[in-house]
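The values are calculated or read from the model by the stated rules, or taken from the named source; none is laboratory data. Since this is a predicted model, take the numbers as computed values, not measurements. Cβ: placed from backbone, ideal geometry, glycine included. Neighbour counts: every protein chain shown. Ligands, DNA and RNA are stripped out before the accessible areas are found, and what is left, the full protein with its side chains, is counted by its heavy atoms. Shrake-Rupley method; radii C 1.70, N 1.55, O 1.52, S 1.80 Å.
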Amino acid sequence: MPDKHRILCTRRMPPNVEARLGRDYDANLNPDDRIHSADSLLAASEGRDGILCAGGDPLSAEVIERLPDRIRILATYSVGYEHIAVEAAKARGIVVTNTPDVLNDATADIAMLCLLGAARRGAEGDRMVRAGEWVGWHSTMMLGVHVTGKRLGIFGMGRIGRAVARRARGFDMEIHYHNRSRLAPALEDDAIWHDTPESLLAVSDFLSINAPSTPTTRRFLNADRIAHLPDGAVVVNTARGDLVDDDALITALRSGKVAAAGLDVFAGEPNLDLRYRALENTFLLPHIGSASLETRDAMGYCCLDNLDAFFAGGPCPNAL
Ligand code: DGY
């Protein structure tokens, strides 16, 4: 029997994923889930044929340049791949794959949780009950932003954005979106396309950010753009924290220009801007968009399918 291919797995994985990885590969696991620095990642890559990596791993162009020649594939356990210098990898003949589709539903569920949690003051209510400060029902207690029938603007109408739209239609929301190009009618499903972000923002009673982090989208939601939102809009971000200018959003949350924000992702996470924690009108989650066991297993199997296809000599299903 030929030797198994040797894989560095940079993070701890769900048990089913590690079991399959261990069955089919000579796997270097990370049971303590320690976060790799560039140096430790490079050292651990020695003698490996490929890397099963994850969001936040330091795979910059400089690191990729120094990877051992033997590394031929980077399979990231994420749909987002802004942590990988993909062009630098390609220039070295290293294949990069990601995990699209399998996390659409879980992430869209969390977008709706953020939307509802922010609009209806979910975190504040939870805190009140836990602190024993709830003194009883009151007709004007904890009034939130009404959701049903409002306009939802989706910035980034890809697979996750469309899954958010499907859920929001169940709340009778009117769906608007901005993408670089308009979707085909079957994908659009009566959502209203805006050819500029500003035009989208002007109708977004609720704004859901669902675009990847790229040089073009970084700091998309800045002070100028927030000014286009209707007064009292609700902002939801389940994509990447760096799409938001934190100073601008926090200023808008303080003034009430933005009534509330539901955020699952943060610039520099887990070291988020601490001012978010002090605001009552934020609903904050620790980047759990894809955190259901079924989804995390599916993400792992997706990585393994890509590794299997690569080492079998075929094209990878999710090569970038
Ligand atoms: C991704 O897949 O990019 C997510 O952010 C990780 O859950």
For the chain: relative contact order, % (alpha-carbon pairs under 8 angstrom, 6 or more apart): 17 percent
Residue among Asp308, Asp242, Asp39 with the largest mean-square fluctuation in a Gaussian network model of the chain, springs linking Cα atoms under 10 Å: Asp39
Environment charge of Ala267, counting only residues whose C-beta is closer than 11 Å and scoring Lys/Arg +1, Asp/Glu -1: -3
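Is the shape of region 163-264 rounded, prolate or oblate, going by the alpha carbon gyration tensor and its root eigenvalues a ≥ b ≥ c, with a/c under 1.5 for rounded and a/b larger than b/c for prolate?
prolate
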Whole-angstrom gap from region 131-203 to region 235-310, using each part's C-alpha centre: 17 Å
Largest to smallest accessible area among Thr251, Thr107 [probe 1.4 Å]: Thr251, Thr107
Compactness of region 76-144 - radius of gyration and Dmax, Cα, Å: 21.3, 65
Prolate/oblate/rounded label for the chain (Cα gyration tensor, a/c 1.5): prolate
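Measure off, as a whole percent, the carbon and sulfur share of the 1.4 Å-probe accessible area of the chain, all protein chains present.
Reported share for carbon and sulfur atoms: 52 percent.
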Coil-residue trypsin sites (Lys or Arg not before Pro) of region 160-241, DSSP, other Cβ within 10 Å capped at 10: Arg180
Residue among Phe171, Gly256, Val234 farthest towards the positive dipole end of the chain, charges placed on Cβ: Phe171
Accessible area of Lys4 in the full protein assembly, 1.4 Å probe (Å², nearest 10): 80 Å²
Accessible area expressed per residue, the chain, with surrounding protein chains retained (probe 1.4 Å, Å²): 47 Å²
